[in-house]
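The values are calculated or read from the model by the stated rules, or taken from the named source; none is laboratory data. The shown structure was predicted, so the numbers you read here are calculated from the model rather than taken from an experiment. Quick reminder, even Gly has a Cβ in these numbers, built from the backbone with ideal geometry, and neighbours come from all protein chains shown. Protein only, heavy atoms only, side chains kept; ligands, DNA and RNA dropped before computing areas. Shrake-Rupley method; radii C 1.70, N 1.55, O 1.52, S 1.80 Å.
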Amino acid sequence: MVRPYAIKGRKRKKNKERYDKEEDEEENVGFVEEEEEGEKEGIQKKLKGGATESDEEKAEEAAQELSGIPVNLNEQQINDKNSPGVIFILEKASLEVAKVGKSYQLLNSEDHANFLRKNNRNPADYRPDISHQAILNILDSPLNKAGKLRALYVRTEKNVLFEIKPHVRIPRTFKRFAGIMLQLLQKLSISAVGKREKLMRVIKNPVTQYLPVNSRKIGFSHSSEKLVDMHDYVATLDKDATLVFVVGAMAHGKIENDFVEDFISISGYPLSAAYCITRITNALERKNKIL
């Protein structure tokens, strides 16, 4: 049987009503989306200082990326800021960043020996662990905890100079230390956890512009002809002068700085940077009666 034309016409009418209904719903959805976008724009305009929600999200992402490092500040470090103290400068530190594979890493002789040889470099020259141990010895010393350390400066083999605040808590493990140094050399500063204070930051050369006027600059070298007992040497120094100690943080070689006033040797044997710093801090602690 063939359907009557009247039935077919009714069916088309129902289909047309259904299509019209769907088009109306789509138009209503469009109006709702436009209203929601208008409300979002109004909220963004109401934010204070001209900042938008997208700006706040970017700031939060940046804060998460720069997690920061802990602070270890005591009352003595706060109260003794104006009195004469001690400044350490680590010279020729082996802290160099390079792209190894798909990521940037802090080069060291243990993990990147093959990479260094392929680039005609001597793996023995890449010893960031020397800087790690030296920095830990300085910051962990009773001399620093008593508030006598004024500043710590590190200059790399590539002549990059950065400052480390005395109340910073440096990571104990070398892997975490390497991550902090990588972050510092790439972003040029590291802030405290939950604060805006920059605990480590790259600064402009020369280092002499950051030293006090009445400071005494002392360098250390095993090749120096002036062999002294550190305890006796420190006892002769002026109590009112800020003492600046320049120590090499490289595997081999010697430091050469024009601003150093006195080059001394404190042992008849070659010493590591960490042990040299230990002798310096011990002598200063005895002089200042720090137990």
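Given a 1.4 angstrom probe, I'd like the percentage of the accessible area of segment 176-289 that is carbon and sulfur, rounded to a whole number.
On the way: 3070 of 6340 Å².
That share works out to 48 percent.
The antiparallel fraction among DSSP beta bridges confined to segment 132-291 stands at about 60%. Averaged over residues, the count of other Cβ atoms within 10 Å places the peptides 195-208, 149-162, 245-258 in the sequence 149-162, 245-258, 195-208, highest first.
Using a Förster distance of 22 angstrom, determine the FRET efficiency expected from the C-beta separation of Val100 and Val202, and round it to 0.05. Don't jump to the answer; show the numbers that get you there.
Numbers: r = 22 Å, r/R0 = 0.99.
Approximately 0.50, to the nearest 0.05.
In this simple spin-label approximation, Leu227 and Asp262 carry label points 7 Å from Cα along the Cα→Cβ vector, and these lie 1.9 nm apart. When the Cα positions of Gly253, Tyr275, Ser265 are compared along the charge dipole of segment 252-291, Tyr275 comes out farthest toward the positive end, with charges on each C-beta of Lys, Arg, Asp and Glu. Working from label points 7 Å from Cα in the Cα-to-Cβ sense, the Ala124 to Asp140 distance is 2.7 nm. Per residue, segment 165-291 exposes 57 Å² of solvent-accessible protein surface, assessed with a 1.4 angstrom probe and all protein chains in place. Figure legend: label point modelled 7 angstrom from the Cα of Tyr269 along Cα→Cβ; no residues of segment 129-144 have amide N under 14 Å from it.
Starting from the coordinates of the alpha-carbon atoms of segment 182-283, obtain the Kirkwood hydrodynamic radius over all distinct pairs and give the value in Å to one decimal.
15.8 Å
For the pair Asn288 and Asp238 in one chain, pulling the backbone fully straight at 0.36 nm per residue adds 16.8 nm over the alpha carbon distance.
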